[in-house]
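The next block holds one structure in the form of structure tokens; read it before the comments.
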């Protein structure tokens, strides 16, 4: 039976929190949010990390793609590295993901969604963090009253009327050793007290375990009535105690109605390769989902799955947006000497953009040496070409693969390497090897076997953010680390193309890093009162460059930081309802 609950008003929250145990909950399915009394407590923002660059490392030969990856050279790609530490008052962060607003005046705003183990009674919660002018801010908690698993995914729905809604999915269980099921949660980003949690209930089976859910959206095509699509892995036990792992599909066709979502299910399983009758072994089926608009077949939902008994391939299936006509699509075959474990898929989701990207973990020569590779299709999944991302002599664990909505050839990936720790990489349009060199997020070496990683991006090409947290293994410190990277972008003053004044723009300062002066450029599509202010990372105003009424046009302001000390500074442009903040680094 499906349980869907609206968020309780803030005045009721303390009644449930004060019990301190899960035994006083009405049925274990209560869902509510609360705003922390101090939204910036335990968050240490914006620490410059000048050493977050990989050291030279050993790479093995690879016949499928380029024989070597070159280490990052700062002459090729200038990187500003910012590190933030978030500490929870609870046990530890069990999962996390990054999402980006992509439309309107707040385009480029970053959010982090993190699952938090709260206490032994299973009162686990989800923390919602937003990057604001003063740094990362904890906006609200979602109390699920369940034992959360270490998987979480999220999308932001953005409608043409300006509405924005955050949708999340994760796996959870009622008891610590109970079978997991899938939760889907919707929140109104303009009113975090408005939302709902639904525990999914697919028809056609009881006693199954559902896990590893992922969501996607067709928002890249539809800006008025977009949908949310969801895939989850399911472990079904046969009568002779055999395991059959498969995939289930669902969708939300009114995601702007966060308090009363309409969830539709596909009862049958998706076509997954599996031995007849199942297998005695337990296989964790990695699943992921992407929306693709292929011109010849219109809109399709593409699924990837791996770690089935035949581990030499990545398997793909597809269906229509309502789940009908599900069919086996094909495979990405890596050969018998390399087994595939975890895989992820992403696509731009734009109109007539049939490019698909897959990233995956590969057991090199079945030796236990786990590498990170990728495959790309430019025809909707019919043909594929492979490229290496990190095939150093190390063990790696795949993080999140994301794409910018409606833009091809732009993908972001994070992963963990037990030699280099947490890594971030961005794709490029090169046909032969379509990834830039990986960037090391932090300058410390791993103290735990693995770190969970996820990645996101701002609305400026190349600017990205990577999040990492220790894997849920006997953790001592509930710490979530966020590393942000700002490549040194060309100055808009040096761009010879005609400036389009159809929208407000705040450009990256140039040069950056700088000493002691830099130029900040911006443009106004209409006349307005304008302020351009400089802040330190604590939110203190240190300079006011502009505070006057200006007509439409392109402007630049010089900032002289001779009297300031080295560090990270923020600059914010305000023009009517438009507000945009960027970072810059002063190095003396």
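Of all the numbered requirements in (1) crowded, with 17+ Cβ neighbours inside 10 Å; (2) assigned to a strand (DSSP E or B), residue 299 misses one, and that requirement is (1).
Collect the residues in region 284-300 that are closer than 24 Å to residue 199 by Cα and either touching a strand residue (DSSP E or B) at 6+ places or on another chain (Cβ under 7 Å) or free of Cβ contacts under 8 Å to residues at least 60 places away in the same chain (or both), keeping them in residue-number order. Of everything in region 284-300, those that are closer than 24 Å to residue 199 by Cα and either touching a strand residue (DSSP E or B) at 6+ places or on another chain (Cβ under 7 Å) or free of Cβ contacts under 8 Å to residues at least 60 places away in the same chain (or both) turn out to be 285, 286, 287, 288, 289, 290, 291. With the structure loaded, tell me whether residue 328 is in a strand (DSSP E or B), surrounded by fewer than 16 Cβ atoms within 10 Å (Cβ to Cβ) and in the same structural domain as residue 314 (by TED's automatic domain parsing) or whether it fails that test. Here the answer is yes, as residue 328 does meet what is asked.
Checked against (1) over 24 Å from residue 186 (Cβ atoms); (2) modelled with pLDDT under 80; (3) surrounded by fewer than 18 Cβ atoms within 10 Å (Cβ to Cβ), residue 274 meets all criteria but (3).
Restricting attention to region 304-312, does a residue exist that is in contact (Cβ under 8 Å) with a residue 60 or more places away in the chain and closer than 21 Å to residue 400 by Cα? Checked against the condition, which is being in contact (Cβ under 8 Å) with a residue 60 or more places away in the chain and closer than 21 Å to residue 400 by Cα, region 304-312 yields at least one hit.
In a loop (DSSP other than H, G, I, E, B) and surrounded by fewer than 22 Cβ atoms within 10 Å (Cβ to Cβ): is that true of residue 160 in this structure? So residue 160 passes the test. The set of residues from region 349-379 being farther than 23 Å from residue 233 by Cα and part of a loop (DSSP other than H, G, I, E, B) comprises 350, 351, 352, 353, 354, 355, 365, 366, 367, 368, 378, 379. Comparison of 221, 231, 258 shows that the only residue that is assigned to a loop (DSSP other than H, G, I, E, B) and closer than 19 Å to residue 290 by Cα is 221.
Just for strands (runs of 3 or more DSSP E) wholly inside region 520-588: which have at least 2 residues that are within 24 Å of residue 463 (Cα to Cα)?
528-536, 553-560, 567-575, 578-586
This table checks each residue for (1) at positive phi; (2) assigned to a loop (DSSP other than H, G, I, E, B); (3) surrounded by fewer than 24 Cβ atoms within 10 Å (Cβ to Cβ).
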site: 90; (1), (2), (3): no, yes, yes
site: 111; (1), (2), (3): no, no, yes
site: 121; (1), (2), (3): no, yes, yes
site: 130; (1), (2), (3): no, no, yes
site: 142; (1), (2), (3): no, no, no
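On the basis of being in contact with a strand residue (DSSP E or B) (Cβ under 9 Å, 6 or more places away or on another chain), surrounded by 21 or more Cβ atoms within 10 Å (Cβ to Cβ) and modelled with pLDDT of 90 or more, does residue 200 make the cut? Considered against the rule, which asks whether it is in contact with a strand residue (DSSP E or B) (Cβ under 9 Å, 6 or more places away or on another chain), surrounded by 21 or more Cβ atoms within 10 Å (Cβ to Cβ) and modelled with pLDDT of 90 or more, residue 200 comes out as no. One residue stands out in region 391-407 among those that are over 16 Å from the mean Cα position of the chain (by Cα) and either under 30 Å from residue 293 (Cα atoms) or modelled with pLDDT of 90 or more (or both): the one that is surrounded by the most Cβ atoms within 10 Å (Cβ to Cβ), namely 406.
Of all positions in region 363-370, none carries a residue that is modelled with pLDDT of 85 or more and surrounded by 24 or more Cβ atoms within 10 Å (Cβ to Cβ). When the criteria are applied in full, residue 228 meets the requirement of being surrounded by 23 or more Cβ atoms within 10 Å (Cβ to Cβ), farther than 25 Å from residue 93 by Cα, within 17 Å of the chain's Cα centre (by Cα) and assigned by TED's automatic domain parsing to the domain that holds residue 301. Beta carbons closer than 6 Å, at least 6 apart along the sequence or on distinct chains, pair a first residue in region 258-274 that is more than 11 Å from residue 324 (Cα to Cα) with a second that is modelled with pLDDT under 85 and part of a loop (DSSP other than H, G, I, E, B) for 273/308.
Among residues that are more than 21 Å from residue 401 (Cβ to Cβ), crowded, with 23+ Cβ neighbours inside 10 Å, at pLDDT below 95 and in the same structural domain as residue 252 (by TED's automatic domain parsing), residue 180 is included.
Consider residue 255 carefully, then state whether it is in the same structural domain as residue 274 (by TED's automatic domain parsing), surrounded by 22 or more Cβ atoms within 10 Å (Cβ to Cβ), over 16 Å from residue 180 (Cβ atoms) and out of contact with any helix residue (DSSP H, G or I) (no Cβ under 9 Å at 6 or more places or on another chain). Yes.
The values are calculated or read from the model by the stated rules, or taken from the named source; none is laboratory data. Just so it is clear, the structure is predicted and the values come from calculations on it, not from any experiment. Virtual Cβ from ideal backbone geometry, glycine too; neighbours counted across all protein chains shown.
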